[in-house]
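First the structure, in the form of structure tokens, and then the observations on it.
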Amino acid sequence: MPAPPPTQDELYREVAETYDAALERLARAYEADAEARRDLLQDIHIALWRSFEGFDGRCSLRTWVYRVAHNTAASHVLRQRRHKSQTLVGLEELESVPDHREGELTADRRQALERLMELVQTLKPLDRQVILSYLEGLDAASIGEITGISPGNVAIKIHRIKNILARRFQEGGRHGE
Amino acid sequence: MANESPPNDRLKSVWQNQPSEGIRMSVDEIRHRAGKFHKKIYWRNALEYVASLAVVVFFAFEFWRTTDALTRVGFGLFIAGLVYIVGQLHRKGSSRSLPAEMGLASGLDFFRRELERQRDLVGSVWSLYMGPLIPGWVVLMVALARTNPGHLRLIGLSFTVFNLFAALVFVLIWRLNLWAARRLQRRIDELNVLQGQR
């Protein structure tokens with residue numbers, strides 16, 4: 001006899017256990033303010049728990065989790081942009097604009113993380129989804145499934161991300177050009 | 001495509017191993033907070049409906065009290081406009097994405113849908129939320145002038161000044177919304193290009 005499908009609570013517990021740290025990193029990438037970030041993370045957890053009521057296994061659990069988390073965070077960014085006049089840029093623009101700290105040595109992990117976070121937070125939501133998925137170690141096919149961007153476009157975006165990261169974080173800079 | 005370079009591996013490691021704040025929530029806590037969220041939405045909607053109902057009751061009372069047929073028509077049109085606006089608010093409010101839909105929609109689809117929803121909302125402020133009140137307002141103004149012929153000049157002057165000011169505000173809001181809708185459409189077009197290349 002096949003095992004009964006996991007309940008909403010069981011799915012949530014499994015996800016909270018497995019993706020706890022990844023969800024916290026995701027919230028951090030979307031919200032710089034500590035208090036607002038806690039609220040966003042809470043919203044993501046609530047959205048996930050509620051979403052499992054309708055989870056039918058049409059996609060993998062990982063894809064589902066990242067979609068709900070990114071979409072909740074994207075809504076948050078859209079809401080925030082009505083209050084903050086923050087200009088977000090795409091990977092294309094970021095690739096063509098030189099950074100004043102380009103080529104600076106970032107041996108210190110904390111400093112590297114701060115600069116990385118700063119870079120991620122300037123990106124438009126969809127490009128932010130791609131770079132975050134890339135940094136989380138997801139492959140191009142999974143990134144395509146989460147974001148809905150074609151495999152060809154994901155490949156182009158990852159290429160741009162690699163160029164940007166190489167230029168901004170590699171000693172001596174201007175690699176990958 | 002550029003090969004995976006050691007610095008990028010290092011950056012992935014820096015990213016994945018960043019210190020955690022260790023924020024955790026139990027299922028009971030989630031359920032409690034989700035319940036609180038639902039209650040908040042329920043009370044916000046209830047407040048909106050009660051406020052609308054109070055306005056409708058006020059106009060219905062005036063409708064019943066007045067003996068002038070044209071004034072009655074004005075109040076009737078005003079009530080109809082209000083009921084229509086409340087209906088629209090209810091419909092728009094319930095069209096927000098549910099969490100399960102968020103899991104089914106890719107980032108691209110979800111983001112475009114949200115932008116389209118915002119565009120339709122700002123694009124329809126005039127026709128859905130202001131326009132329905134205008135017929136009742138105009139009829140009431142005409143009825144007021146007709147039933148007070150002794151004060152026709154004064155009523156006519158204040159009618160003109162007030163309506164000019166209201167028209168100016170309406171046009172300004174309309175222009176701002178048009179500009180916002182165009183900006184949102186440009187962003188939707190960008191996403192459509194990405195979608196078209198699937």
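Values quoted throughout were computed directly from the atomic coordinates according to the rules given, and no laboratory measurement underlies them. It should be emphasised that the depicted structure is a prediction, and the values quoted were computed from it without experimental measurement. So basically every Cβ, Gly included, is an ideal-geometry build from the backbone, and we count neighbours across all protein chains shown.
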**OP:** Keeping to segment A:129-150, report how many residues are polar (S, T, N, Q) and not in a helix (DSSP H, G or I).
**Re:** 1
Original post:
How many residues, within segment A:30-42, are within 9 Å of another protein chain (Cβ to nearest Cβ) and within 22 Å of A:Ser133 (Cβ to Cβ)?
Top reply: 2
**OP:** Name the one entry in B:Leu128, B:Leu82, B:Leu115, B:Leu140 that is within 14 Å of chain A (Cβ to nearest Cβ), among the hydrophobic types (A, V, I, L, M, F, W, C), part of a helix (DSSP H, G or I) and buried (at least 17 other Cβ atoms within 10 Å of the Cβ).
**Re:** B:Leu115
Subject >> Conditions (1) at the interface with another protein chain (Cβ under 9 Å from one of its Cβ atoms); (2) under 21 Å from B:Phe37 (Cα atoms); number of the one not met by A:Asp20 >> reply: (2)
Original post:
Which residue, of A:Leu88, A:Leu61, is of a type in the set (A, V, I, L, M), more than 9 Å from every other protein chain (Cβ to nearest Cβ), more than 25 Å from B:His32 (Cα to Cα) and more than 13 Å from the chain's Cα centre (by Cα)?
Top reply: A:Leu88
Original post:
Just one of the numbered conditions (1) more than 9 Å from chain A (Cβ to nearest Cβ); (2) touching a Gly at 6+ places or on another chain (Cβ under 7 Å); (3) of a type outside the set (A, V, I, L, M); (4) under 30 Å from A:Ile164 (Cβ atoms) is not true of B:Gly74; which one?
Top reply: (4)
Original post:
Only one residue in B:Val73, B:Val50, B:Val27, B:Val55 is surrounded by 12 or more Cβ atoms within 10 Å (Cβ to Cβ) and within 30 Å of A:Asp43 (Cβ to Cβ). Which one?
Top reply: B:Val27
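Matching residues to (1) assigned to a helix (DSSP H, G or I); (2) touching a Cys at 6+ places or on another chain (Cβ under 9 Å); (3) within 14 Å of another protein chain (Cβ to nearest Cβ):
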site	(1), (2), (3)
B:Pro19	no, no, yes
B:Gly22	no, no, yes
B:His32	yes, no, yes
B:Gly35	yes, no, yes
B:Lys40	yes, no, yes
B:Arg44	yes, no, no
B:Ser52	yes, no, no
**OP:** Go through (1) farther than 26 Å from B:Lys12 by Cβ; (2) more than 9 Å from every other protein chain (Cβ to nearest Cβ); (3) crowded, with 16+ Cβ neighbours inside 10 Å one by one and return the number of the condition A:Ile46 breaks.
**Re:** (2)
Original post:
In segment A:139-147, is there at least one residue being facing chain B (nearest Cβ under 10 Å) and within 18 Å of A:Leu94 (Cα to Cα)?
Top reply: no
Subject >> Where A:Leu126 falls short, out of the listed (1) within 10 Å of chain B (Cβ to nearest Cβ); (2) surrounded by fewer than 23 Cβ atoms within 10 Å (Cβ to Cβ); (3) assigned to a helix (DSSP H, G or I) >> reply: (2)
Subject >> Checking A:Glu35 against (1) free of Cβ contacts under 8 Å to residues at least 24 places away in the same chain; (2) under 18 Å from the mean Cα position of the chain (by Cα); (3) within 17 Å of B:Met25 (Cα to Cα), the condition it does not meet >> reply: (2)
